[in-house]
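The next block holds one structure in the form of structure tokens; read it before the comments.
The values are calculated or read from the model by the stated rules, or taken from the named source; none is laboratory data. From a predicted model like this one, the values you see are computed outputs, not experimental measurements. In this analysis, Cβ positions are derived from the backbone assuming ideal geometry, glycine residues included, and neighbour counts consider all displayed protein chains.
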């Protein structure tokens, strides 16, 4: 059905009920009558903010915009994006594996039925309840009957414009989501939109503080937490701009935690204006090299406590990135979300899409070594010596890896390091 047909169907076949729902709308509480409508007269909203990044990624892979109104394959694709994990394109359709969230939603629906009504436009486009509608449509496919054919809904007419609806969605949907799923890039993008409504100046930390106060109700009244989210958004924007990929947020799927820590570090750098640019470049290098977000936080500790190590790290980054020819003009690749990360393993983080010619391995190793060296200061001498011995033995047992490394040592770096270690040992022998 097209929009006119759905509008007519809802108007002629919708059943009234004796119930109303009270929602905050246009600065006041308003009662909306609940009606019963046919599921076949409802349309999944392809512009749903809750899956904007995944939708854009899948559209890029499909080569066209998703149109669930005109294409059955596109409707199935939207359903999969809403309900599944491990998403990938198969032919003309997005497919995945049923997520645990979907299974929980399905079981709850089958046990308790519908708890709250859908929000729909007069033409049947769903504005609140897309995941539930996707679940119902999948159940209909599986049951091959008339089950789940009707649902309760409220109609939001033309008197409620998009700005009004956006505020309603924030108050009724996002507050709970931010409590539970703060790492979802789509939720941050919605917070970004809310900040734009407040005319935020992203370059002004004072203004970020002001807007955080305006939006703290979205983060359970925690203004500091709102600031963290806004800073993460700011540096996601800056990173994409620095990578010639402005606005391509789908390329940062599953990367929110790293950018929260970039924002945390740069917040600590407010009193060090002369060093801010180098620190931001170092943070972005850690992102590009897929260092874990914990390493990003340690960059601030190194700057604060061990300036010599920090300066050496910056100098090494200069050398590493000197070979990054035309990197700023290189397209960032699309992320691969076909494999679902292990949520029980806090040590494993998804890699970041990086320009193909970026010296990722060298930069990652350089930052890892700097963090490891910084952390060593808190270890006892026996622990440090034991770790050093274990690592050195691993170079000669069970095979002589040093010999192979020296043979392939085009830059002389391996021999230089080996010589320095031998000198340290000779000095230790005479002193101790």
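Of all residues in region 266-283, those satisfying the criterion of being crowded, with 19+ Cβ neighbours inside 10 Å and either within 20 Å of residue 354 (Cβ to Cβ) or not assigned by TED's automatic domain parsing to the domain that holds residue 205 (or both) are 279, 282, 283. From the list 139, 82, 87, the lone residue that is at pLDDT below 95, in contact with a strand residue (DSSP E or B) (Cβ under 7 Å, 6 or more places away or on another chain), surrounded by 15 or more Cβ atoms within 10 Å (Cβ to Cβ) and not in a loop (DSSP other than H, G, I, E, B) is 87. Taken together, the criteria exclude residue 65 from residues that are closer than 29 Å to residue 247 by Cβ and surrounded by 13 or more Cβ atoms within 10 Å (Cβ to Cβ).
Right, residue 368: surrounded by 15 or more Cβ atoms within 10 Å (Cβ to Cβ), under 21 Å from residue 302 (Cβ atoms) and modelled with pLDDT of 85 or more or not? In short, yes. If the condition is being under 22 Å from residue 199 (Cβ atoms), surrounded by 17 or more Cβ atoms within 10 Å (Cβ to Cβ) and touching a helix residue (DSSP H, G or I) at 6+ places or on another chain (Cβ under 6 Å), then region 229-265 contributes 229, 230, 231, 232, 233, 235, 236, 249, 263. Within region 82-93, the residues that satisfy the criterion of being in contact (Cβ under 8 Å) with a residue 24 or more places away in the chain and within 22 Å of residue 333 (Cβ to Cβ) are 85, 86, 87, 88, 89. All conditions but one from (1) in contact with a helix residue (DSSP H, G or I) (Cβ under 8 Å, 6 or more places away or on another chain); (2) touching a residue at least 60 places away in the same chain (Cβ under 8 Å) apply to residue 79; the one that does not is (2). Output yes when any residue across region 107-126 is buried (at least 17 other Cβ atoms within 10 Å of the Cβ), under 24 Å from residue 250 (Cβ atoms) and in contact with a helix residue (DSSP H, G or I) (Cβ under 7 Å, 6 or more places away or on another chain), and no when none is. Looking for residues that are buried (at least 17 other Cβ atoms within 10 Å of the Cβ), under 24 Å from residue 250 (Cβ atoms) and in contact with a helix residue (DSSP H, G or I) (Cβ under 7 Å, 6 or more places away or on another chain), one finds at least one in region 107-126, hence yes.
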